[in-house]
Amino acid sequence: MKQIVLVVLAVFTSQIMAQDGDAEKGKALSATCMACHGSDGNSVNPIWPTLAGQHPQYIARQLKLYKNGGRENAVMMPMAMGLSEQDMADLGAYFGEQEAKLLAADSAKIELGEAIYQGGLKDRNIPACLACHGPTGQGNPLSGYPVVANQHAAYMVDQLNLFKQGRVVPGKDEVNGKIMADVAKYMTQEEIEAVSSYMQGLQAAK
């Protein structure tokens, strides 16, 4: 019995180690990502997400979804096809170590955006965004909730609109996707744009 337990623990440990990323290897692999996401993960176009400072596990999981078709994107799907799971972990490790550039919210949208992010919309049973993404937008890597602070508002608007249309992805993100779909479907375009702008301006507590 003891030997079986040791074998199981060894396999479990090796699986965990295999998922650990090497940031240096990820940096080398990131050369193909630079055109859209920048050399340090700060994207040069607001319609593309900033990867700097994102949870490594989240990045690796999204790449896997692009590769297996669980998440559709005409640009990302072919980019992910040639990556191994270790490559994905390495890229996650590299971008996770980078620092996201500080962005600002649109002052005209802060009041509404803050109200939604901090308190939700009780009349439509929309929960506060901070319940999953935290008060400063840092998310929760264990639960699969991504960092949303300093993320481009344009990208967030696009993603919320996809959720509003009912997009979900398989696996761990399916539950989170359903949560977001249920939230976004009741939001107006004005509210989506306001909360996206507010998240763009969020910063981690010092």
Taking only pairs six or more apart or across chains, which ones have beta-carbon atoms under 9 Å, a first residue in the stretch 106-122 that is of a type in the set (D, E, K, R), and a second residue that is assigned to a loop (DSSP other than H, G, I, E, B)? 106/201; 114/105
Considering only the stretch 23-36, I want to know if a residue exists there that is polar (S, T, N, Q), in contact (Cβ under 8 Å) with a residue 40 or more places away in the chain and either farther than 25 Å from residue 145 by Cβ or not assigned by TED's automatic domain parsing to the domain that holds residue 139 (or both). yes
Are there any pairs with C-beta distances below 9 angstrom linking a residue in the stretch 123-142 that is farther than 15 Å from residue 54 by Cα and in the same structural domain as residue 182 (by TED's automatic domain parsing) to a residue that is in a loop (DSSP other than H, G, I, E, B) and among the aliphatic types (A, V, I, L, M), with the two at least 6 apart or on different chains, and if so which? 124/187; 126/187; 129/148; 135/202; 135/205
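Name the residues in the stretch 5-28 that are modelled with pLDDT of 95 or more, in a helix (DSSP H, G or I) and either surrounded by 16 or more Cβ atoms within 10 Å (Cβ to Cβ) or among the aromatic types (Phe, Trp, Tyr) (or both), would you?
23, 25, 26, 27
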For residue 73, only one of the following conditions fails: (1) polar (S, T, N, Q); (2) more than 17 Å from the chain's Cα centre (by Cα); (3) at pLDDT below 95. What is its number? (2)
Got at least one residue in the stretch 193-202 being more than 22 Å from residue 36 (Cβ to Cβ) and at pLDDT below 95? no
Could you tell me which numbered condition residue 167 fails, if it satisfies all but one of (1) in contact with a Gly (Cβ under 6 Å, 6 or more places away or on another chain); (2) at pLDDT below 95? (1)
Any residue at all in the stretch 45-57 that's part of a helix (DSSP H, G or I) and modelled with pLDDT of 95 or more? yes
Among (1) surrounded by fewer than 17 Cβ atoms within 10 Å (Cβ to Cβ); (2) more than 22 Å from residue 64 (Cβ to Cβ), which single condition is residue 142 missing? (2)
Quick check on the stretch 111-125. Is at least one of its residues at pLDDT 95 or above and assigned to a loop (DSSP other than H, G, I, E, B)? yes
Quick one: would you say residue 108 is small (Gly, Ala, Ser), surrounded by fewer than 20 Cβ atoms within 10 Å (Cβ to Cβ) and assigned to a helix (DSSP H, G or I)? no
Exactly one of (1) on the phi < 0 side of the Ramachandran plot; (2) out of contact with any Lys or Arg (no Cβ under 8 Å at 6 or more places or on another chain); (3) not small (Gly, Ala, Ser) is unmet by residue 125. Its number? (1)
Please work out if residue 147 is touching a helix residue (DSSP H, G or I) at 6+ places or on another chain (Cβ under 6 Å) and either hydrophobic (A, V, I, L, M, F, W, C) or not in a loop (DSSP other than H, G, I, E, B) (or both). no
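The values are calculated or read from the model by the stated rules, or taken from the named source; none is laboratory data. No experiment lies behind these values; they were computed from the predicted model shown. Every residue, glycine among them, receives a Cβ derived from its backbone with ideal geometry; neighbour counts consider all protein chains shown.
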